[in-house]
Amino acid sequence: MKVSLGKIIGKGYKRYWEYKGRYRVVKGGRGSKKSTTTALNIISRMMEYPLANTLVLRKVFKDHRDSTWKQLKWATQQLKVAHLWEFSKAPLEARYIPTGQSIYFRGLDDPMSVTSITVEKGHLCWAWFEEAYQVTNEDDFDKIDMSIRGELPPGYFKQITISFNPWNERHWLKKRFFDVEDEDVLALTTNYLCNEFLGEDDINLFNKMRTKQPKRYQVEGLGNWGVSEGLIYDNWEEKEFDYMDIVQQRSGIVSRVGLDFGYVADPTGLVAVIADNEEKEIFIYDEHYQQGMRNNQIAEMIKYKGLAKEHIIADSAEPKSIDEIRLLGVYGITGAQKGRDSILNGIQFIQQFKIYVHPKCVNTILELSSYVWDKGKDGQQINKPIDYFNHILDALRYAVEDLGRQAQPRVRGL
Ligand SMILES: Nc1ncnc2c1ncn2[C@@H]1O[C@H](COP(=O)(O)OP(=O)(O)O)[C@@H](O)[C@H]1O
Ligand SMILES: [Mg+2]
């Protein structure tokens, strides 16, 4: 059977598809075919090169299953070769049955496992780093880069494909791949306008975003680098920590969960923190960030994370959702109180803390490094945040809201 690659892939990715240099980098807006095209390309190339194996990487291992693993499986169906591939969940892997070539999946949260890959058949030729923006530390990327080294048979080539949404121009990916001229680098920018597979409702969302949230449209729509002037929070750092250690070592630590509702256009954001109001430290140890969630799914997610008994403070704009989620067994959920100027007051309160974010909370890190003050007509910074990159950060405000209310000045030593 013959399939038409041109029809399956569509337009806009010819150079990308054919490029054989070491670094193939694609930044783009949401829905610009980055992931699907890369998945189609890997399947198709592996069948063309019988000694090539592929390593697929993400910052957080568990995120593969609903993204890269699924997309590669989907690609075998699109290319009408699904019967020749075997996709297993434990271990997470894909195998080309006729030759035994494999696709391996790894996360940076288990750094040993990347260097310990031994391929069964042939060579490790290619790596695909999906959502590479999440990698805040360039050294982590260099380690992967080092592991894709060594001699290959004639006709073979080594390549690392990097795909991501370009949230913030200060990211190392810009300097390293987009601000250079290097024959070993192909750096592309794509957007939804080259995706002929999008439905009318998707296009409508982008059109609405273009008029209502022009800054967001620049990044999520057009795939341009996000601007990072006027960051609201700089009082945070990414850091490994053990939740239990902190809870056991300190007295007076409180545990809170914040929840911000989204639905079609915006994600639902959840953040789980422990906070030390005396030492003014917040430890963010878990998060959830997902579009299109219904209330029963939110309740399930909270229970699955073991947070159902925590003190959960949700956006009070949706009292019906809060009631529904409570009736589904999440008894600790209440609405935020949101006093006057609650956004500004909440931000100022959080700015007094040092925030430690666990590396697995990739969306929290994304929002913290992109949430900025808005600008007025003359370009001057105004006292109002942009309405974007604020899902988890709104949830964070709700989470610690009551600590602010209790924080009356204490009389010491009396
Ligand atoms: N080759 C394709 N064939 C069919 N649908 C596609 C194809 N490429 C993209 N799409 C559709 O477009 C959506 C967005 O593509 P995706 O690769 O996920 O974008 P990105 O990774 O850039 O955000 C996919 O979920 C799929 O519905
Ligand atoms: Mg994608």
(request) Would you check which residues across the range 137-150 are modelled with pLDDT of 90 or more and either within 16 Å of ligand 2 (Cβ to nearest atom) or outside any helix (DSSP H, G or I) (or both) and list them? (result) Asn137
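If you check Glu120, Glu86, which single one turns out to be away from ligand 1 (no atom under 16 Å from the Cβ) and part of a strand (DSSP E or B)?
Working: Glu120 fails: part of a strand (DSSP E or B).
Unique residue meeting the criteria: Glu86.
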(message) Tell me yes or no: at least one residue of the range 276-289 is at pLDDT below 95 and surrounded by 13 or more Cβ atoms within 10 Å (Cβ to Cβ).
(response) yes
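Looking for whichever is in contact (Cβ under 8 Å) with a residue 24 or more places away in the chain and within 15 Å of ligand 2 (Cβ to nearest atom) here; the options are Tyr49, Tyr16. Which one fits?
Details: Tyr49 fails: within 15 Å of ligand 2 (Cβ to nearest atom).
After applying the criteria, what remains is Tyr16.
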(request) Filter the range 201-240 down to residues that are assigned to a helix (DSSP H, G or I), under 27 Å from Thr136 (Cβ atoms) and touching a residue at least 40 places away in the same chain (Cβ under 8 Å), then give me how many there are. (result) 6
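Quickly run through the range 26-67 and pick out the residues that are within 10 Å of ligand 1 (Cβ to nearest atom) and part of a helix (DSSP H, G or I).
Within the range 26-67, Lys34, Ser35, Thr36, Thr37, Thr38, Ala39, Leu40 meet the criteria.
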(request) Go through the range 159-177 and give me each residue that's in contact with a Lys or Arg (Cβ under 6 Å, 6 or more places away or on another chain) and not in a strand (DSSP E or B). (result) Pro166
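With respect to Gly226, determine if the residue is surrounded by 21 or more Cβ atoms within 10 Å (Cβ to Cβ), among the small types (Gly, Ala, Ser) and modelled with pLDDT under 95. Talk me through it step by step, then tell me what you get.
Numbers: surrounded by 21 or more Cβ atoms within 10 Å (Cβ to Cβ): yes; among the small types (Gly, Ala, Ser): yes; modelled with pLDDT under 95: yes.
Here the answer is yes, as Gly226 does meet what is asked.
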(message) Can you pull out every residue in the range 279-297 that is touching a Ser or Thr at 6+ places or on another chain (Cβ under 9 Å) and either farther than 19 Å from Asp63 by Cβ or acidic (Asp, Glu) (or both)?
(response) Glu287, Asn295
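Of the residues Gly31, Gly21, which is of a type outside the set (A, V, I, L, M) and open to solvent by 20 Å² or more (accessible area, probe 1.4 Å)? Show your work before the answer.
Numbers: Gly21 fails: open to solvent by 20 Å² or more (accessible area, probe 1.4 Å).
On inspection, the qualifying residue turns out to be Gly31.
Residue-wise test of (1) of a type in the set (Asp, Glu); (2) modelled with pLDDT under 95; (3) open to solvent by less than 40 Å² (accessible area, probe 1.4 Å); (4) over 23 Å from the mean Cα position of the chain (by Cα).
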| residue | (1), (2), (3), (4) |
| --- | --- |
| Gly230 | no, yes, yes, no |
| Met244 | no, yes, no, yes |
| Arg256 | no, no, yes, no |
| Leu259 | no, no, yes, no |
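Does the range 303-326 include one or more residues that are touching a His at 6+ places or on another chain (Cβ under 8 Å) and among the small types (Gly, Ala, Ser)?
Of the residues in the range 303-326, the ones touching a His at 6+ places or on another chain (Cβ under 8 Å) are 305.
This time we only want the ones that are among the small types (Gly, Ala, Ser), so: none.
Scanning the range 303-326 turns up no residue that is touching a His at 6+ places or on another chain (Cβ under 8 Å) and among the small types (Gly, Ala, Ser).
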(message) Taking the condition of being open to solvent by less than 70 Å² (accessible area, probe 1.4 Å) and in contact with a Lys or Arg (Cβ under 9 Å, 6 or more places away or on another chain), how many residues in the range 97-126 meet it?
(response) 16
(message) Just to be sure I understand, how many residues within the range 261-275 are among the acidic types (Asp, Glu) and crowded, with 19+ Cβ neighbours inside 10 Å?
(response) 0
(request) Taking Gln159 as meeting all but one of (1) within 16 Å of ligand 2 (Cβ to nearest atom); (2) in contact with a Cys (Cβ under 9 Å, 6 or more places away or on another chain), write down the number of the exception. (result) (1)
(request) Output the helices (runs of 4 or more DSSP H) that fall wholly within the range 261-357 and possess 2 or more residues being touching a residue at least 40 places away in the same chain (Cβ under 8 Å) and among the aromatic types (Phe, Trp, Tyr), or say none. (result) none
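Residues are listed down the side, and each one gets a yes or a no for (1) among the hydrophobic types (A, V, I, L, M, F, W, C); (2) more than 16 Å from Lys33 (Cβ to Cβ); (3) open to solvent by 20 Å² or more (accessible area, probe 1.4 Å):
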site: Asp184; (1), (2), (3): no, yes, yes
site: Cys194; (1), (2), (3): yes, no, yes
site: Asp202; (1), (2), (3): no, no, yes
site: Lys215; (1), (2), (3): no, yes, yes
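The values are calculated or read from the model by the stated rules, or taken from the named source; none is laboratory data. Just so you know, these numbers come straight off a predicted model, no measurement behind them. Here the Cβ is made from the backbone with ideal geometry for all residues, glycine too, and neighbour counts use every protein chain on show. Quick note on the areas: whole protein, heavy atoms, side chains included, nothing else; ligands and nucleic acids left out. Shrake-Rupley method; radii C 1.70, N 1.55, O 1.52, S 1.80 Å.
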